[in-house]
Amino acid sequence: MHSIPTLNWDEALLRLALAAVLGGAIGIERELREREAGLRTHLLVSVGSALFTIVSAYGFHDFLTSGQGVIRADPTRIAAQIVTGIGFLGAGAIIRQGLTIRGLTTAATLWVVAAVGLAAGAGYYSGAVITTALVLFALYPLRIMAYRYIRRFRPEDGRLLVELPAGESPGNVIDEVERAGARLEAIEVSEEGDRRRLELDVTLPPGTQVPALVARIADVVQVTGVRWAE
């Protein structure tokens, strides 16, 4: 019975504090980006996961050494429920706005933070620290690099704002947009005094530069102004 491991105050404090620091580091990034779950949520998830792990492994020491027959215990039983249980909290961070779904990355960070807390609570410090570093890299530097790389190969959506003299037909502008290879999604026409204003929602094919399209439209006869709005 004396071989059953215990955890002293110093070690428990180290594990819980490390879980708080690592979870908080990821939470700060989410907080700065004004996401649904920020610093406090990520910190609490990490600390809670660490405590569940510590309780699962060391919280029943007195019960196991009570001498009331042979008792077998699985130290991973409680901690294992964190993996599935955190899914309910992550689902609350996912928001659907029309056809757009937000919060998937935040839900994923909550799930990873739970794993970081579990690792810290189990004393696997290197795994917790390395995972936190990788998560922070994925959330900021990797996001920027991926955006700059991927945007070269995907269509770019935006709105082309064109001004014409009042009563002027938008046909020449539409023809020039199509000749440039852009796809016209929608068009709104409005009159403002002696001007006609066109708002064209267009999708540019990969490789098409916005300045080049704006320059082509500006050269169309009767166009008095043009600009691009994302």
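All of the numbers you see were taken from the coordinates with simple rules; none came from a lab. A quick note: this is a predicted structure, and the numbers were derived from the prediction, not measured. In this analysis, Cβ positions are derived from the backbone assuming ideal geometry, glycine residues included, and neighbour counts consider all displayed protein chains.
Points worth noting:
- Applying 1/(1 + (r/R0)^6) with r as the Cβ-Cβ distance of VAL210 and ALA166 and R0 = 25 angstrom yields a FRET efficiency of 0.35.
- Among 45-55, 188-198, 111-121, the order from most to least packed when residues are scored by Cβ within 10 Å on average: 111-121, 45-55, 188-198
- Taken about its Cα centre, segment 156-229 carries a charge dipole of roughly 180 debye when the Cβ of each Lys and Arg holds +1 and the Cβ of each Asp and Glu holds -1.
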